[in-house]
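Following: one structure in structure tokens, then a few remarks.
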């Protein structure tokens, strides 16, 4: 039997990279998937690919920085497929390696709106849906190793991802007796297009962050992150809650 048979899942940032691989694997394992992304054409292409392979998916265009759009995204999953079982908060953007002496209020707010506030809002909506209907549910947050240390990005990205670690742990603990599980994945260096959100890169910040790059054993594939996301989204991880799984090939084991 497929590991997610009969489940309904939302995956944000699903038009490319890790989100695309997660959406595709979830569908392959039986889930009905909302392919959510700011990139409407990309989400449509991924959804069509899933459908062509025999899966079930619907594209939803969403700017996760907009609270109303997050609400509509979750409402669409429920109205289209009758339920919501798994929420994968994967959408995110990078800073430009700015340290605190270079970051601006505008950049800080932009990073937090996408990487942190959107996650809180989606979790808030999903958790209340499950509580109101006395249902169990699973939330999976993509965190990054940048949320576990201070050397993998600039101050805004690192702080935004550290905050999601706290969101993950607090929510997992608070609702553990309600059958709601919340976990995170902290990928290391993975082949994605997240760097496309970077501009005017800080030379100082990049130089400092680059000191840890020599320790990377290899670059990961998005499919490897999806495999971890499948495990954490399935009943096989039923006793895992409120924690963060590092998936980095051993990179951060070195410091």
For residue 83 and residue 243 in the same chain, what is the full-extension length gain: residue separation times 0.36 nm, less their Cα-Cα distance, in nm?
-> 55.1 nm
Label point distance in nm, residue 223-residue 5, each placed 7 Å from Cα along Cα→Cβ = 2.4 nm
Crossing angle, helix 155-174 versus the chain [Cα axis fit, 0-90 degrees, rounded to tens] = 40 degrees
Place the peptides 77-86, 155-164, 20-29 in order of packing, highest mean first, counting for every residue the other Cβ atoms within 10 Å and averaging per peptide.
-> 20-29, 155-164, 77-86
Where Rh is the Kirkwood radius over the Cα pairs of the chain, the temperature 10 °C and the viscosity 1.306 mPa s, what D in µm²/s does Stokes-Einstein return?
-> 88 µm²/s
Looking only at 177, 125, 221, which one moves most when the chain is put into a Gaussian network model with springs between Cα atoms under 10 Å?
-> 177
If each residue's Cβ is checked for other Cβ atoms within 10 Å, how do 215, 87 rank with the fewest at the top?
-> 215, 87
What number, in percent, do you get for the relative contact order of segment 8-248 if the mean sequence gap of Cα pairs under 8 Å and at least 6 apart is divided by its residue count?
-> 21 percent
Peptide ranges 42-50, 88-96 listed from the most packed, as the mean C-beta count within 10 angstrom indicates = 88-96, 42-50
Go through 246-255, 9-18 and give me the packing order, highest mean Cβ count within 10 Å leading.
-> 9-18, 246-255
Could you state the number of Å between the C-alpha centres of segment 27-89 and segment 96-141?
-> 18 Å
Find, to one decimal place in angstroms, the Kirkwood hydrodynamic radius of segment 1-122, where the mean of 1/r is taken over every pair of different Cα atoms and then inverted.
-> 14.7 Å
What value, in deg cm²/dmol to 500, does the helix sum -39500 (n - 2.57) over DSSP H runs of n ≥ 4 give at 222 nm once divided by the residues of the chain?
-> -13000 deg cm²/dmol
By the Cα gyration tensor axes a ≥ b ≥ c (a/c under 1.5 gives rounded; else a/b larger than b/c gives prolate, otherwise oblate), the shape of segment 71-144 is prolate
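Any read-out appearing in this document is the output of simple, stated calculations on the displayed coordinates, not a laboratory observation. Predicted model, so just to flag it, every value in this text is computed and none were measured. Note that we place each Cβ from the backbone using ideal geometry, even for glycine, and neighbour counts take in every protein chain shown.
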